[in-house]
Amino acid sequence: MKIVIASGKGGTGKTTVATNLAFLLAREGLRVAYVDCDVEEPNGHLFLQPVIEREWPIEKPVPVVESQRCTQCGRCSKACRFGAIISLPQRTVVFPELCHACGGCQLACPAGAISEKGRRVGTVRAGYAGTIQFLGGELDIGQPMSPPIIRALKETPLEADLVFLDAPPGTSCPVVETLRGADMALLVTEPTPFGLYDLQLAIRLVRALSIPAAVIVNRVVKDGEPFLQWRQRLKQLPVPVWAEIPESRAIAEAYSSGTIIAQNVPEFARELQPVMHKLKASIDEGTCRHQW
Amino acid sequence: MKELVVISGKGGTGKTSLTAALAVLSSPCVVTDCDVDAPDLHLVLQPQTIQQQPFVGGRKACIITSTCRKCGKCVELCRFGAIRHKKGDAECEEGGFLIDALACEGCGVCVDHCPERAIELRPYVNGQWYLSRFHGGYLFHATLDVGSENSGKLVTQLRRAAHEFATKRGVPLILTDGPPGIGCPVIASLTGASLALIVTEPTVAGLHDFERIARLCRQLGVPAVTVINKADINPETSDRIANSSIRYGTDVIGMIPFDSDIVRAQMAARSVVEVSDGPAARAMRAIHSTVMSRLEKALDVHSGEFITIDVTQIDNVKSKGVTT
């Protein structure tokens, strides 16, 4: 079963929830994998501290023009909708950053002058954190497009009952790439106007992809009228709330120093219990089979 | 005209709260919310929309079912898995094909190679952008349809519109609230800016992500300064960030202490400097005056470097000499 931890708004606690659920469920003997799909700013390894066994570069195929064969006919430039290949009177120039690797120029070239060569865009690392299978991607700095790395992560075979995919913030293409094919999404939010607004965007996204979702509210201060009003508005949204994690200095400190919070703060582990029960129930029901 | 871009790498470090405070203190100014995935600035600035325009982010393939012979060539050629074969689906006739708009990147390979010419690329509206007025100036902001791509292109469009508007009105300052991460919308938000203000927090994740965004600023040639938010929750890590920022030449110009007034202000839909004189508000006022004096020395915003196509980076800026 593949569970994406997403949020819309950044910094709400996606990585905290993902790494701690992975830790707690692995401790109960389940086969768990954690996949860090926030390849622009990956943080899961800071908390899980995995031992990396394998590391490989991710490449994107970009065109290479063989100048002897090229007749400067310009069909490649015309075929490319991204302005990534331009035919000049003397030579044909490729702009790899703009290339979407669609293969259109190669198909368009009548002289067979275009082939493809891999160009590095980032790295994938695989290993173990205790019994947790760890997989993490990292985009090279200056590279604009993260989906090829997320695709590479998702194509890597895993053996697990439960796979947690830690999504990047936002609602655009890298998040879609992470969510595609998931069995469910856990949406982490915080009790602020920003948190609620961005949660609504995230809900619209998972609904568009037909992925069932539940909400975890992080940093809750229960007393006070503002929170009660906020919770009223949350209850009007079409998703169940699975947990409310309280704001606590102990949790914030454990997080800031990069530890697995559930290991050090028992109350935090307790708050995640209902989520764990629900996830285990879904596995038992066999609602979802892991198939990558 | 100067442009300050507030950026963070890691999400949720306080970019928008700080941008809102700077916007109120810098009045009159033009503000741009470039976090088009999850825009929140309007929740604080409470603007009145003056103008709204659709954003045409690109084109998507569309199958003309009456002409399609269902040969399957498009499925074979599409590298994005964007063509679904819909067997027995009510939405399309038996054995027909359908484009998955969320997966289609608009490359046109299927269009060019369909033997029946049964596929077209059609302009695709995937967002709206707005010009609004708030009590301290003007706000350019946008909403991207969920699941859309081309957020980098929308960012560029917003920044260009803000730049033209500010030039026309003679407004000397543009404040830009950037998106998290280091990918295409971030690169689109940073290129050509006068100064970047990196907001980070003293956690291991904050430090890690700070270093990546600082390296990106350097690679793009945008000078940067750093602000540590909630600096007192882990003074040791704050020190490590300060040391690291010396290495990257992005010196720490301010530290904001943890202060529950920040959330209280957000709940009241106001900027913290309007409703509080607590430690965070005071720190933000000090940051404002430091940033303004840094901006005086910084270069003017260079809109010629704003990216022109959906995604790019330095290679493209360099390439301009070749293409024109």
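The values are calculated or read from the model by the stated rules, or taken from the named source; none is laboratory data. Just so we're clear, the structure is a prediction, and the values are computed from it rather than from any experiment. No Cβ is skipped: glycine too gets one built from the backbone with ideal geometry, and neighbour counts run over all protein chains shown.
Every residue, every condition in (1) within 18 Å of B:Gly81 (Cα to Cα); (2) assigned to a strand (DSSP E or B), yes or no:
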{"site": "A:Val121", "(1), (2)": "no, yes"}
{"site": "A:Gly136", "(1), (2)": "no, yes"}
{"site": "A:Gly142", "(1), (2)": "no, no"}
{"site": "A:Ile150", "(1), (2)": "yes, no"}
{"site": "A:Val176", "(1), (2)": "yes, no"}
* Does at least one position in region A:162-185 carry a residue that is acidic (Asp, Glu), closer than 20 Å to A:Phe23 by Cα and in contact with a Gly (Cβ under 7 Å, 6 or more places away or on another chain)? -> yes
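For residues that are of a type in the set (Gly, Ala, Ser) and closer than 25 Å to B:Glu211 by Cα, scanning just region A:130-165, find the one that is farthest from the other protein chains (Cβ to nearest Cβ). I'd like the intermediate steps shown before the answer.
Going residue by residue through region A:130-165, those that are of a type in the set (Gly, Ala, Ser) are A:130, A:136-137, A:142, A:146, A:152, A:160.
Within this subset, residues satisfying the condition of being closer than 25 Å to B:Glu211 by Cα are A:136-137, A:142, A:146, A:152.
Details: A:Gly136: 12, A:Gly137: 12, A:Gly142: 5, A:Ser146: 5, A:Ala152: 14 Å.
Only one residue fits best here, namely A:Ala152.
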* Does B:Arg270 count as within 14 Å of another protein chain (Cβ to nearest Cβ), of a type in the set (Lys, Arg) and either in contact (Cβ under 8 Å) with a residue 60 or more places away in the chain or part of a strand (DSSP E or B) (or both)? -> yes
* Only one of B:Arg240, B:Arg212 is more than 10 Å from every other protein chain (Cβ to nearest Cβ) and either charged (D, E, K, R) or within 30 Å of A:Pro147 (Cβ to Cβ) (or both); which? -> B:Arg240
* Exactly one of (1) at pLDDT 95 or above; (2) within 21 Å of the chain's Cα centre (by Cα); (3) under 19 Å from A:Val17 (Cα atoms) is unmet by A:Tyr197. Its number? -> (3)
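Hey, could you check region B:95-115 for residues that are of a type outside the set (A, V, I, L, M, F, W, C) and assigned to a loop (DSSP other than H, G, I, E, B) and say which is farthest from the other protein chains (Cβ to nearest Cβ)?
Going through region B:95-115, the residues of a type outside the set (A, V, I, L, M, F, W, C) turn out to be B:95-96, B:100, B:105-106, B:108, B:112-113, B:115.
Of the ones still in play, those that are also assigned to a loop (DSSP other than H, G, I, E, B) are B:95, B:100, B:105-106, B:108, B:115.
Numbers: B:Gly95: 22, B:Asp100: 10, B:Glu105: 5, B:Gly106: 6, B:Gly108: 5, B:Pro115: 13 Å.
Among residues in region B:95-115 that are of a type outside the set (A, V, I, L, M, F, W, C) and assigned to a loop (DSSP other than H, G, I, E, B), the one farthest from the other protein chains (Cβ to nearest Cβ) is B:Gly95.
Tell me the residue from B:Ser276, B:Ser238, B:Ser260 that is polar (S, T, N, Q) and either touching a His at 6+ places or on another chain (Cβ under 6 Å) or over 22 Å from A:Ser248 (Cβ atoms) (or both), please. Walk me through it before giving the result.
Numbers: B:Ser238 fails: either touching a His at 6+ places or on another chain (Cβ under 6 Å) or over 22 Å from A:Ser248 (Cβ atoms) (or both); B:Ser260 fails: either touching a His at 6+ places or on another chain (Cβ under 6 Å) or over 22 Å from A:Ser248 (Cβ atoms) (or both).
When all the criteria are applied, what remains is B:Ser276.
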* To do: Search region A:93-114 for residues that are at positive phi and pair each with any residue that is buried (at least 20 other Cβ atoms within 10 Å of the Cβ) when their beta-carbon atoms are under 8 Å apart and the residues are at least 6 apart or on different chains.
  => A:Ala101/A:Lys60; A:Ala101/A:Val62; A:Ala101/A:Pro148; A:Gly103/B:Val109
* Odd one out for A:Gly127, checked against (1) within 12 Å of chain B (Cβ to nearest Cβ); (2) surrounded by fewer than 24 Cβ atoms within 10 Å (Cβ to Cβ); (3) more than 16 Å from the chain's Cα centre (by Cα); (4) farther than 30 Å from B:Asp261 by Cα -> (1)
* Restricting region A:134-146 to residues that are surrounded by fewer than 21 Cβ atoms within 10 Å (Cβ to Cβ) and more than 16 Å from B:Pro180 (Cβ to Cβ), the residue that is modelled with the highest pLDDT -> A:Asp140
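Pick out the one residue from B:Ile7, B:Ile83 that is surrounded by 20 or more Cβ atoms within 10 Å (Cβ to Cβ), within 14 Å of chain A (Cβ to nearest Cβ) and over 30 Å from B:Glu201 (Cβ atoms). It would help to see each step written out before you state the result.
Details: B:Ile7 fails: over 30 Å from B:Glu201 (Cβ atoms).
Step by step, each of B:Ile7, B:Ile83 is checked, and only B:Ile83 is surrounded by 20 or more Cβ atoms within 10 Å (Cβ to Cβ), within 14 Å of chain A (Cβ to nearest Cβ) and over 30 Å from B:Glu201 (Cβ atoms).
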* Check every one of the strands (runs of 3 or more DSSP E) wholly within region A:1-70 and list those with 2 or more residues that are assigned by TED's automatic domain parsing to the domain that holds A:Ile216, over 14 Å from A:Thr123 (Cβ atoms) and of a type in the set (Ser, Thr, Tyr). => none
* Do any residues in region A:1-14 that are more than 8 Å from every other protein chain (Cβ to nearest Cβ) and crowded, with 24+ Cβ neighbours inside 10 Å have Cβ atoms under 7 Å from those of residues that are among the small types (Gly, Ala, Ser) and assigned to a strand (DSSP E or B), where the two are at least six apart or on different chains, and which pairs are they? -> A:Val4/A:Ala185; A:Ala6/A:Ala185; A:Lys14/A:Ala6
* Structure fact -> Listed by range, strands (runs of 3 or more DSSP E) wholly within region B:1-92 having at least 1 residues that are over 17 Å from the mean Cα position of the chain (by Cα) and within 30 Å of B:Val272 (Cβ to Cβ) are B:2-7, B:29-33, B:48-63
* Inside region B:120-168, can you point out the residues that are without any contact (Cβ under 8 Å) to a residue 60 or more places away in the chain, under 25 Å from B:Ala298 (Cα atoms) and not acidic (Asp, Glu)? -> B:Ala161, B:Lys168
* Structure fact -> Of the residues in region B:171-206, those that are within 13 Å of chain A (Cβ to nearest Cβ), among the β-branched types (Val, Ile, Thr) and under 17 Å from B:Cys217 (Cβ atoms) come to B:Ile182, B:Val186, B:Ile187, B:Thr191, B:Ile198, B:Val199, B:Thr200
* To do: All but one of (1) within 28 Å of the chain's Cα centre (by Cα); (2) at the interface with another protein chain (Cβ under 10 Å from one of its Cβ atoms); (3) of a type in the set (D, E, K, R) hold for A:Arg120, so report the exception by its number.
  => (2)
* Single unsatisfied condition, A:Ser210 versus (1) among the hydroxyl-bearing types (Ser, Thr, Tyr); (2) within 14 Å of chain B (Cβ to nearest Cβ); (3) on the phi < 0 side of the Ramachandran plot -> (3)
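So that you can scan it fast, the table gives a plain yes or no per residue for (1) over 24 Å from the mean Cα position of the chain (by Cα); (2) in a helix (DSSP H, G or I); (3) within 13 Å of chain B (Cβ to nearest Cβ):
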residue	(1), (2), (3)
A:Arg219	no, no, yes
A:Gln229	yes, yes, yes
A:Leu272	no, yes, no
A:Lys278	no, yes, no
A:Ile283	no, yes, no
* To do: Could you tell me whether B:Ile182 is part of a loop (DSSP other than H, G, I, E, B) and in the same structural domain as B:Ser303 (by TED's automatic domain parsing)?
  => yes
* What about A:Ser67, is it over 26 Å from A:Gly181 (Cβ atoms), within 14 Å of chain B (Cβ to nearest Cβ), of a type in the set (Gly, Ala, Ser) and surrounded by fewer than 24 Cβ atoms within 10 Å (Cβ to Cβ)? -> no
